[in-house]
Amino acid sequence: MKIRLLRRDDLPQVVALWNESCGAGETVLSPLTEAGFEALFFANPEYDGQFSFVWEEAGAAVGFISGTAPRVFLPGETPENTPGFLTCVFVKKACRGRGIGAALETALADAFRAAGKTRVACNGDRNPIHLSWIVPGTPGHDHNKAPGMDMDSPGYSFLLARGYQDRAREIAMYLDLKDYTPWEGMKAKQAELLSQGIYTGRYDPALRYDYDRMCDRVGKEYWRYVIASELACHESGQPNTDPRMLPDPGKIPAGPRPMLVATHEGHIVAFTGPVDKQLSGRGWFCGIFTDPMYERRGIASVLFNLLMQEFIAEGAAFSTLFTGEENHAQRIYLRAGFRVVRRFSVMEKGL
C-alpha cells in the first residue's frame, strides 16, 4: 500500500472509481470516459500533475485525489495569496472506512504547503478544472461547472471532518426552456429605463463604452476579465479560445459572441453573457451583475429575460445557474420558471 502521483496508465482504474460513485448516485458529477478524463485534466493548460495522487494497493489504484494551483492570475492575485484548489476525491467503495481518503487529503495538503500555499479551497469558481454535473431528474441536462462541494454528497461530510469550513453556499437552479415564463412587464420596464437614458440589449463593441467603473464598484476582477476578453475577440474578429471562457472543453465558438448590457452616459452599468450554447443544449453564460449604483431599477430582470430569449433563439434546450443562498435575485429566476435543484458549499481550510 502506498500513495504516489497519478500516472496516465492509472486512467482505467481512476475512471472506474469516478464512475462507480456516479452510478451509485453518490455524486451528481458527470460520468467520464478515459478520453474525457484526459481532456478535463491532462489537456488543461493549468493542470499540474504534482497535485494528483492515487492510493495503490496490490497494484491497483483504489483511491484518487486531485488538486490544482492556477498558473494564470487576475490582477492582484499571486501564487502566494491564492489557495490551492481541491478538485475531487474518490475511494473504491469496498476499500472505504480505512482512512484512505484522509491519507490522500493529507498528501494533497502537504503538496500545497510545499508549494507555498497557506490555504486549500473547494471552489469551482476559481479552480481551472471545471467539473460538469447532471441535474437530477432530467434527461442528462448538465451544468458545466460545480461551484464547490455538493452538500448532498458524502464528500461534504468528509471535508467537514477534514477541517474544511463553509465560506459560502450556492443554490443551483434549473429551467427547461420550453417552460420559460416571459416577464409581462419587460417591455414597459425597458421603455421606462430608456426614458432615463438607460439602454438594455445587445452591446455594440464599436461604442467602446467604459466598464471599469462598474467593475471597480462590483469589486470582482473576474468580471473585468470576462468583458475585456470577449471585447478583444470582437476587436480582432476571432473567437475566444481561452479554456476558462469555453462552454465545452476544446469547442471553439464560431466567432465573437453576443453580450447583453445596460448602458448609461457612455458607461456599461450591467452585463450578462457572453451568449453561447453547450453541446448538451444548455444555454451558457458567465454570469449577470449590475453596478451597485444602478441596482433596484429592474435592469437585471430585463437583462435576464433577454438572455433567456437569446438562448431560445440559439436553439438551447435548458438553462442552469447558480446564485447565493441569500441572494434576492432568486425571485427573478423563480418568476421565469426556474426551480432549485441542488445546493453546493464553497469550502476552505488553512494549511
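Tabulated values for the structure
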quantity	calculated
Degrees between helix 186-195 axis and first principal axis of the chain (Cα, 0 to 90, nearest 10)	60
Residue 327-residue 236 FRET efficiency (beta carbon distance; Förster radius 35 Å; 0.05 resolution)	0.50
GNM flexibility winner over the chain from 274, 75, 239 (Cα, springs under 10 Å)	75
Hits among aspartates and glutamates - C-alpha to C-alpha of residue 2 under 13 Å, sequence gap 8 or more where chains match	56, 57
Proximal lysines relative to residue 145, as straight alpha-carbon distance under 17 Å, when same-chain residues fewer than 8 apart are discounted	251, 277
Integer Hz, Karplus 6.51/-1.76/1.60 couplings in order for region 8-21, x for Gly and Pro	4, 6, 7, 3, x, 6, 5, 4, 5, 4, 4, 6, 4, 5
Net charge dipole size for region 204-264 [Lys, Arg +1 and Asp, Glu -1 on Cβ; Debye, nearest 20]	120
Cβ-based charge dipole, the chain, positive-most Cα from 254, 138, 149	149
MRE, 222 nm, helices only [DSSP H, n ≥ 4, -39500 (n - 2.57), over the chain, to nearest 500]	-8000 deg cm²/dmol
Loop-located GluC sites (Glu not before Pro) in region 157-201 whose Cβ has at most 12 other Cβ within 10 Å (DSSP)	184
Under 13 Å, Cβ to Cβ, from residue 136 - net charge with Lys/Arg +1 and Asp/Glu -1	-1
Rh by Kirkwood over Cα pairs, then Stokes-Einstein D for region 2-171 at 0.692 mPa s and 37 °C, µm²/s	200
Where GluC sites (Glu not before Pro) fall in DSSP loop in region 1-101, at most 16 other Cβ within 10 Å	26, 46, 77, 80
Loop-resident sites, region 219-309, for GluC sites (Glu not before Pro), counting at most 15 other Cβ within 10 Å (DSSP)	265, 295
Rounded to the nearest 20 debye, dipole of region 2-171 from Cβ charges on Lys, Arg, Asp, Glu	420
Rounded to 5, the percent of DSSP beta bridges in the chain classed as antiparallel	90
For residue 88, distant residues with modelled amide H under 5 Å away	66
Gain on full stretching of the segment that runs from residue 279 to residue 161 - 0.36 nm per residue minus C-alpha separation	38.7 nm
HN-Hα J in Hz across region 244-253 - Karplus 6.51, -1.76, 1.60, θ = phi - 60°, x for Gly and Pro	6, 10, 10, x, 10, x, x, 8, 8, x
Computed magnitude of the charge dipole of the chain (debye, nearest 20; Cβ of K, R +1, Cβ of D, E -1)	540
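FYI, it's all coordinate maths here, none of it is from the lab. Quick caveat: nothing in here was measured; it's all calculated off a predicted structure. Methodologically, a virtual Cβ is constructed for each residue, glycine included, from the backbone with ideal geometry; neighbour enumeration extends over all protein chains shown.
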